[in-house]
Amino acid sequence: MHIVLNGEEIDTQPVLINDRTYVPLRSFFEEIGATVGWDGTTSTADITMDTGTSMENMVSKVIEEVSPSVVGIIGNLDSAVSSGVDAYNQIVIGSGVIISSGGEILTNAHVVSDLETILVVLSDGTIKQARIKAMDEEIDLALIRIDQIGLPFATLADKSDIVVGKTAIAIGTPVSFSLRNSATCGIVSGLNRSVQNNYRVIQTDAAINGGNSGGPLVNLEGKVMGINSSKYAVEGVEGLCFAIPADTVRYFLDSVEKYGRIRRPSLGATFQESWASVYGMPGGDGLTIKTMDADSPLAAAGASEGWSIIGIADREVEGLVDMNEIFMDYIPGDTVPITFKQPDGTVVTLDVTLAE
């Protein structure tokens with residue numbers, strides 16, 4: 001006889017008596033994480049379940065573990081972009097997360113792009129001046145650095161661990177530095193969203209407010225699922241917040257390590273999205289070539305204006321976000337097969353060498 005608990009066979013010795021299954025008390029409860037004590041005097045079995053894995057305790061433990069790697073970012077706007085802005089609104093507040101013990105910090109590009117001076121406030125209150133190492137405004141990520149070593153740092157989650165319905169915890173500095181290292185909790189509400197973004201984002205209902213930008217969205221393992229970037233702020237709409245996913249963060253960091261920046265492929269053309277794609281509907285119309293340079297990669301391959309890109313390297317394309325996501329796997333100079341639909345409905349695939 002075998003006893004299987006949550007899909008795993010447990011090591012116990014069941015006995016069948018009168019069509020009923022009996023298992024030793026101690027062996028069963030110890031298998032599920034309980035502590036069993038026996039008082040022979042009173043013939044009492046004392047069973048204690050470990051409550052440390054309750055959801056409430058897990059969330060508080062994650063916040064305690066991750067918070068030292070979360071920083072506040074503050075700075076004043078560059079004078080070239082702050083003309084006419086009152087002194088109070090010249091101060092920008094944001095968040096970041098340490099990703100290496102040597103002082104590298106990840107944040108949003110929109111947090112630091114216009115700052116004259118960037119100050120980082122560590123979890124212990126230490127203030128350090130930072131400099132921008134790399135930035136990409138299209139993805140909205142920036143890598144900044146401070147001169148300090150031995151810092152606690154966070155790690156990125158695997159794509160397989162980012163699942164709709166899983167707990168999501170946002171940590172950052174919303175609104176004011178008096179609220180530094182605040183945490184909000186929700187779930188991963190959706191994946192592969194594209195709401196006013198050039199790339200796919202994670203949707204969450206964990207509250208993300210002004211100043212949370214650049215902070216981490218972590219799971220119950222304390223790993224960074226994404227970098228908090230925006231919320232859908234419209235009257236009557238609640239709980240629509242977005243984070244840049246860990247895979248896109250890896251793309252940015254790998255590109256910076258190899259080339260110092262993102263080497264983004266180009267087709268030398270402008271495109272028109274279908275109304276279905278703009279509204280997030282699967283229309284199947286592809287991405288129509290609106291204009292293209294005479295010496296563009298598309299022209300060199302034999303494509304024409306009015307043709308629609310419907311696939312790249314056997315992956316379906318319905319809009320610009322699809323193309324941007326696919327091009328994350330390529331650099332300028334690579335040759336990729338692109339499938340087009342011509343105005344008369346003819347489908348053709350051409351090899352196109354990507355430009356920069």
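The values are calculated or read from the model by the stated rules, or taken from the named source; none is laboratory data. Every value quoted in this text rests on a predicted model; they were computed, and no experiment measured them. Please note: Cβ atoms are built from the backbone with ideal geometry, for glycine as well, and neighbour counts cover all protein chains shown. Ligands, DNA and RNA are stripped out before the accessible areas are found, and what is left, the full protein with its side chains, is counted by its heavy atoms. Shrake-Rupley method; radii C 1.70, N 1.55, O 1.52, S 1.80 Å.
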**OP:** Please enumerate the residues belonging to the stretch 159-174 that are under 23 Å from residue 199 (Cα atoms) and part of a loop (DSSP other than H, G, I, E, B).
**Re:** 162, 163, 164, 165, 166
**OP:** Considering every residue within the stretch 96-114, establish whether at least one is more than 21 Å from residue 254 (Cα to Cα), at pLDDT below 90 and open to solvent by 40 Å² or more (accessible area, probe 1.4 Å).
**Re:** yes
Subject >> Members of the stretch 115-125 found to be on the phi < 0 side of the Ramachandran plot and either open to solvent by less than 10 Å² (accessible area, probe 1.4 Å) or of a type outside the set (S, T, N, Q) (or both), listed by number >> reply: 115, 116, 118, 119, 120, 121, 122, 124
**OP:** Name the residue, out of 160, 182, that is of a type in the set (Ser, Thr, Tyr) and either in contact with an Asp or Glu (Cβ under 8 Å, 6 or more places away or on another chain) or farther than 23 Å from residue 324 by Cβ (or both).
**Re:** 182
Subject >> Residue among 41, 12 that is modelled with pLDDT of 80 or more and assigned to a loop (DSSP other than H, G, I, E, B) >> reply: 41
Subject >> Members of the stretch 336-356 found to be over 16 Å from residue 286 (Cα atoms), in contact (Cβ under 8 Å) with a residue 40 or more places away in the chain and assigned to a strand (DSSP E or B), listed by number >> reply: 351, 352, 353, 355
**OP:** Mind listing whichever residues of the stretch 144-158 are assigned to a strand (DSSP E or B) and either on the phi > 0 side of the Ramachandran plot or within 15 Å of the chain's Cα centre (by Cα) (or both)?
**Re:** 156
**OP:** Kindly list, by first and then second residue, each pair from a residue in the stretch 9-35 that is under 12 Å from residue 47 (Cα atoms) to a residue that is open to solvent by 60 Å² or more (accessible area, probe 1.4 Å) and of a type in the set (Val, Ile, Thr), limited to pairs with Cβ atoms under 9 Å and residues at least 6 apart or on different chains.
**Re:** 25/47; 29/35; 29/47; 33/53; 34/47; 34/48; 35/47; 35/48
Subject >> Where a residue in the stretch 117-131 is over 16 Å from residue 173 (Cα atoms) and its partner, wherever it lies, is open to solvent by less than 40 Å² (accessible area, probe 1.4 Å), with Cβ under 6 Å and at least six apart >> reply: 117/75; 128/120; 128/146; 130/118; 130/120; 130/144; 130/146
Subject >> Number of the exception - residue 344 against (1) within 17 Å of residue 199 (Cα to Cα); (2) among the charged types (D, E, K, R); (3) more than 31 Å from the chain's Cα centre (by Cα) >> reply: (1)
**OP:** Of all residues in the stretch 19-46, count the ones that are open to solvent by less than 80 Å² (accessible area, probe 1.4 Å) and among the acidic types (Asp, Glu).
**Re:** 1
Subject >> 1 or more residues more than 28 Å from residue 57 (Cβ to Cβ) and open to solvent by 70 Å² or more (accessible area, probe 1.4 Å): qualifying strands (runs of 3 or more DSSP E) within the stretch 175-235 >> reply: 182-193, 224-231
Subject >> Top-ranked residue of the stretch 298-323 - restricted to ones that are open to solvent by less than 40 Å² (accessible area, probe 1.4 Å) and touching a residue at least 60 places away in the same chain (Cβ under 8 Å), ranked as nearest to residue 341 (Cα to Cα) >> reply: 319
Original post:
Quick one: what pairs do we get from the stretch 89-115, first residue under 22 Å from residue 148 (Cα atoms), second of a type in the set (Gly, Ala, Ser) and surrounded by fewer than 24 Cβ atoms within 10 Å (Cβ to Cβ), C-beta under 6 Å, 6+ apart or different chains?
Top reply: 97/154; 101/150; 115/75
